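The values are calculated or read from the model by the stated rules, or taken from the named source; none is laboratory data. These figures come from a predicted structure and were not determined experimentally. Every residue, glycine as well, gets a Cβ built from its backbone with ideal geometry; the counts of neighbours run over all protein chains shown.
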There are 4 protein chains.
Amino acid sequence: MMPIDNSAARARRGRLLVSCPDQPGIVAAVSRFLFERGANIVQSQQHTTDPSGGRFFLRVEFDLEGLSDNIAPLGSEFVREVAGRYGIVFRFASAAYRQRLGVFVSKEDHALQELLWQQRSGDLPADIAIVIGNHPQLENVVAPFGIPFRHVPVAKDDKPAAEATQLKLLRDAQVDTVVLARYMQIVTSEFITPWANRLINIHHSFLPAFIGANPYAQAHERGVKLIGATAHYVTTELDAGPIIEQDVHRVDHRHTVEEMRRIGRQVERVVLARAVSWHVQDRVLVDGNKTVVFT
Amino acid sequence: MMPIDNSAARARRGRLLVSCPDQPGIVAAVSRFLFERGANIVQSQQHTTDPSGGRFFLRVEFDLEGLSDNIAPLGSEFVREVAGRYGIVFRFASAAYRQRLGVFVSKEDHALQELLWQQRSGDLPADIAIVIGNHPQLENVVAPFGIPFRHVPVAKDDKPAAEATQLKLLRDAQVDTVVLARYMQIVTSEFITPWANRLINIHHSFLPAFIGANPYAQAHERGVKLIGATAHYVTTELDAGPIIEQDVHRVDHRHTVEEMRRIGRQVERVVLARAVSWHVQDRVLVDGNKTVVFT
Amino acid sequence: MMPIDNSAARARRGRLLVSCPDQPGIVAAVSRFLFERGANIVQSQQHTTDPSGGRFFLRVEFDLEGLSDNIAPLGSEFVREVAGRYGIVFRFASAAYRQRLGVFVSKEDHALQELLWQQRSGDLPADIAIVIGNHPQLENVVAPFGIPFRHVPVAKDDKPAAEATQLKLLRDAQVDTVVLARYMQIVTSEFITPWANRLINIHHSFLPAFIGANPYAQAHERGVKLIGATAHYVTTELDAGPIIEQDVHRVDHRHTVEEMRRIGRQVERVVLARAVSWHVQDRVLVDGNKTVVFT
Amino acid sequence: MMPIDNSAARARRGRLLVSCPDQPGIVAAVSRFLFERGANIVQSQQHTTDPSGGRFFLRVEFDLEGLSDNIAPLGSEFVREVAGRYGIVFRFASAAYRQRLGVFVSKEDHALQELLWQQRSGDLPADIAIVIGNHPQLENVVAPFGIPFRHVPVAKDDKPAAEATQLKLLRDAQVDTVVLARYMQIVTSEFITPWANRLINIHHSFLPAFIGANPYAQAHERGVKLIGATAHYVTTELDAGPIIEQDVHRVDHRHTVEEMRRIGRQVERVVLARAVSWHVQDRVLVDGNKTVVFT
């Protein structure tokens, strides 16, 4: 929420993510550790699933001179002085680092468009490193943005070959997070596993309602009065991974399936963009099959 | 939407509900029929599922002097002049008639409270004729409103006996519509059938997500970011009847199941009150397993 | 709401807009008129500001073979048979006709982007005929869409000259409706008058709160918990014309003015796109300083 | 968000509210102070208006054995060890303490009803100590809840006398916070000053739109598409105090002023109840003419 207006400020700004069994003294230990190094805590959010015996999550934003050059030693010291004692899993990140996204698409362009615009306008603090389509149609949507588009067809009988190509492209483009922006293929568990918690999908329903194919047709058939969209981390169980964000829009008896799709596109792109934005700002922590989102 | 300020105006105001196969000329025939009798059409809403071969729904509000004393002959004339020709199923209703509600409850009072308040404040244009509880607790909630409360326990092994008692109470109280206001019993198909499309339930989830028991626990377990409520007509398939209204409220990782219940209560009571209000104003038409709601 | 899938169907589909003093018989007369010509009424919406002595508004969608070639004679007959008798102001329109939009912009691109994308995706049933900027920056946003962009600088001391140029461009491009898509200039009453009810602006606040400049700074200063946007027809009184659509988004103490602008951009573009979409489908009727919107 | 299920747990649970000029080390100092006394931090939220030179706000929830008997000495130690050094304004509170509310009403009961019901259901963690009406009508709404109702008429020419009576009643009832629940009188600055930041009003518009009398009539006249309500602390400037919460509901051309009032009642009561609930849980900090709300 604190906008950072220049690169000097950004180089100072860090984030610390902590997850561990809840126990007294963690906040004191973490804040003392940061204070002793001259860091100023700008924002801090915490969550415990249960004060006695639950799991504790913490996200701290702080300013520290010279941070971006000293992430690694800071981590080593944190292990020695704090993390070891409390069984903490943690990560330091520099706000100066912009995540690199790989976006997967098929033929529908709204989710992709939203990410492209939000990146260009500065609303999405990340870089789209590559767009990969199993169809070639969206190349001309991507072209004006000067971002590489790769067409990787997915043969029904040889998905592993396509995924191998995709994985190589992601590696070469040094991608941090993969976004399935209405990518109409199911990815295999071989693909999912290495990208766990870094693979975001937008599902065009309010999960867990209408899992699977054609959710708008299902919604129309059921006569619901709200349709929705769900951004979630992909796991090997279809449409069942940790939910990052959801939203809905009102419909009524007058809306055909096609109209629901049109309205749904607006919900989908907004929900996906919010989820990706939180993810690249390290605001989303995974807690089993749920998320803790520090907005 | 047109407020009616006095009983004379209310005695004039009528509603005509029409449902038939779509075909040209229906609106012209209906509006001429009303015009020739001196009626002024105040509001008119229509819906067709498909202009060629679909089903057509129409709700007309009109003012006609002396209406409330002439509903029956008006119907006979309508059969002769219009309905017969077009295969129309129809109903004339006087806005002067207030539906009588039978409200079923268990131990939770929020949905009942809302109906009681809205009736007293005039926001719900209906009368609560009787409240029936399978537990005695809510009697003192009902008492200050001067409405009869009946405790009808439901023995596990003799639900038919309880339902027979309930049906007799409803009959004696001349009830038009039954509202299950967080009534925690499943009613049998013997009960449901005669009350088809006049039996409204509030389910504490955004259906079709979380059908069945403990939807808030299910929602918490799944980690959804919105919780909802659904008002629907009860059919013999559990939680699967035509949806009248739904709404949602945002939650996040901090909300426990108990907190979700607390937030959900606010959604449930509002959704149920809206659905009942539309129903008693003849704004809800059933189209197969869906509703057409002319708000 | 009834999607029209092919050009033959579109050529049949017509709209009739009616406005007149409320009085009995209008609906009957209009529907008989249409029926006698073989038209099938597909949708009909009406509104009266007061059944006794108020103003009556009607929008009818109908299917009539050969309509698009016969709009003019249909109008003449309607005058003779119906409109004259009831003092009706009316308009027949063919759904086959796509309005031509002139979009005015300055430097911010989000509202323009939304219109461009919705047009391309088919969600906005209109054509953007020309984009006019008082700054040159957005030319490259428009370029990939193959739509003409004209840079018309507005000199502080010679706005009339600029407006003369703009008016000529609009005329040459045969524009039906002008959309101010975050155009940061006040237009003069000389410009407004000929475009009355065809000139739509998006104001970046929930009007009538925060009229005038810098509404997000005003909103931040006041500490509101929701920020909004308002699409309205432009009249000669600043930010005071008939409101077509409004929406809001939640903010809190953490949001800076810059953050509010970012969130606001999402609300603005959606609100403007909705308003323009309703307008070009003849769903918006102006009633004094208010609108009747038949969604 | 952490529900406290029994009185033992509640006796342990404390809250610390901190406000001071932002500077490095505050969080470390506060968390060390709590840790050294054996407190476990359960929740912590902070806000800075500007990391360099702004104002810093902190709310900590913690568990500490024996807290409720040791609030005073804890405060003294906090002054000595932390608050003095950082220029901190602070307050310790026990979650075991339930605030006592004085509710002012006139003739409309919806806002009062909501508070009564939420208190009884346990959703509002406070006690309504007294209800004061300038009209006698709502006595029978209050009666079933066993809460004292006092009728204090307000003579046009002697408001000071009425306010003196009100102040004495509040004092005798040991009221902590006054809630104006659709109280249709303007209170004088003599009344307001001693209750600064403990006097909550619900205004029936989305402030700052429609300040003053008859906001729904103003909203109808302006033709807005959303109507709202605003809960705020009362200051001596009319309808201009720090906003705690706002919400809106959609309306359209069909809604009369009376219909807007009916819809508005639903928004008002929900917004007021939320604001009061946050206030009594010490979640609202006043920052000049704005609020910081740690939900």
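Summed over the range C:29-54, residues that are within 13 Å of B:GLN43 (Cα to Cα) and either out of contact with any strand residue (DSSP E or B) (no Cβ under 6 Å at 6 or more places or on another chain) or charged (D, E, K, R) (or both) total 1. Residue count for the range C:14-29, restricted to those that are within 28 Å of C:ARG98 (Cα to Cα) and within 8 Å of another protein chain (Cβ to nearest Cβ): 1.
Tallying residues that are surrounded by fewer than 13 Cβ atoms within 10 Å (Cβ to Cβ) and either modelled with pLDDT of 95 or more or farther than 16 Å from B:ILE186 by Cβ (or both) within the range B:152-163 yields 1. Does at least one position in the range B:280-294 carry a residue that is in a strand (DSSP E or B), under 10 Å from the mean Cα position of the chain (by Cα), in the same structural domain as B:LEU180 (by TED's automatic domain parsing) and within 21 Å of B:GLN119 (Cα to Cα)? Within the range B:280-294, one or more residues are in a strand (DSSP E or B), under 10 Å from the mean Cα position of the chain (by Cα), in the same structural domain as B:LEU180 (by TED's automatic domain parsing) and within 21 Å of B:GLN119 (Cα to Cα).
Taking the range A:8-22 as the range and being at pLDDT 90 or above and of a type outside the set (Ser, Thr, Tyr) as the test, the residues that pass are A:ARG12, A:ARG13, A:GLY14, A:ARG15, A:LEU16, A:LEU17, A:VAL18, A:CYS20, A:PRO21, A:ASP22.
Only one entry of B:THR256, B:THR230 meets the criterion of being in the same structural domain as B:VAL175 (by TED's automatic domain parsing), among the hydroxyl-bearing types (Ser, Thr, Tyr) and surrounded by fewer than 24 Cβ atoms within 10 Å (Cβ to Cβ), and that entry is B:THR256. Only a single criterion out of (1) of a type outside the set (Val, Ile, Thr); (2) touching a residue at least 60 places away in the same chain (Cβ under 8 Å); (3) touching a Pro at 6+ places or on another chain (Cβ under 7 Å) is not satisfied by B:ARG283, namely (3). Restricting A:VAL276, A:VAL271 to those that are under 17 Å from the mean Cα position of the chain (by Cα) and within 11 Å of chain B (Cβ to nearest Cβ) reduces the list to A:VAL271.
In the range A:213-226, is there at least one residue being surrounded by fewer than 16 Cβ atoms within 10 Å (Cβ to Cβ), at positive phi and either out of contact with any strand residue (DSSP E or B) (no Cβ under 8 Å at 6 or more places or on another chain) or not assigned by TED's automatic domain parsing to the domain that holds A:LEU116 (or both)? The answer is yes, given that some residue of the range A:213-226 is surrounded by fewer than 16 Cβ atoms within 10 Å (Cβ to Cβ), at positive phi and either out of contact with any strand residue (DSSP E or B) (no Cβ under 8 Å at 6 or more places or on another chain) or not assigned by TED's automatic domain parsing to the domain that holds A:LEU116 (or both).
Residues in the range B:250-266 that are more than 20 Å from A:GLN45 (Cβ to Cβ) and without any contact (Cβ under 8 Å) to a residue 12 or more places away in the chain: B:GLU258, B:ARG262. Starting from residues that are assigned to a helix (DSSP H, G or I) and touching a Lys or Arg at 6+ places or on another chain (Cβ under 7 Å), keep the ones in the range A:17-52 and report whichever is nearest to A:GLY87 (Cα to Cα). The selected residue is A:ALA28. Scanning the range D:115-143 for residues that are within 9 Å of chain B (Cβ to nearest Cβ) and in contact with a Leu (Cβ under 9 Å, 6 or more places away or on another chain) gives D:TRP117, D:VAL141.
Kindly indicate whether any position in the range A:89-110 is closer than 20 Å to B:HIS253 by Cβ and surrounded by fewer than 16 Cβ atoms within 10 Å (Cβ to Cβ). Within the range A:89-110, one or more residues are closer than 20 Å to B:HIS253 by Cβ and surrounded by fewer than 16 Cβ atoms within 10 Å (Cβ to Cβ). Of B:PHE90, B:PHE33, which residue is farther than 17 Å from C:PHE62 by Cβ and within 14 Å of chain C (Cβ to nearest Cβ)? Going through B:PHE90, B:PHE33 in turn, the sole match is B:PHE33. For the range B:180-256, no strands (runs of 3 or more DSSP E) sit wholly inside it while including 2 or more residues that are among the aromatic types (Phe, Trp, Tyr) and facing another protein chain (nearest Cβ under 10 Å). Would the range D:57-70 turn up any residue that is crowded, with 16+ Cβ neighbours inside 10 Å, within 30 Å of A:GLU65 (Cβ to Cβ) and facing chain A (nearest Cβ under 10 Å)? Yes; the residues of the range D:57-70 include at least one that is crowded, with 16+ Cβ neighbours inside 10 Å, within 30 Å of A:GLU65 (Cβ to Cβ) and facing chain A (nearest Cβ under 10 Å). Within the range A:149-166, is there a residue that is in contact with a strand residue (DSSP E or B) (Cβ under 9 Å, 6 or more places away or on another chain), charged (D, E, K, R) and either within 14 Å of another protein chain (Cβ to nearest Cβ) or assigned to a loop (DSSP other than H, G, I, E, B) (or both)? There is no residue in the range A:149-166 that is in contact with a strand residue (DSSP E or B) (Cβ under 9 Å, 6 or more places away or on another chain), charged (D, E, K, R) and either within 14 Å of another protein chain (Cβ to nearest Cβ) or assigned to a loop (DSSP other than H, G, I, E, B) (or both).
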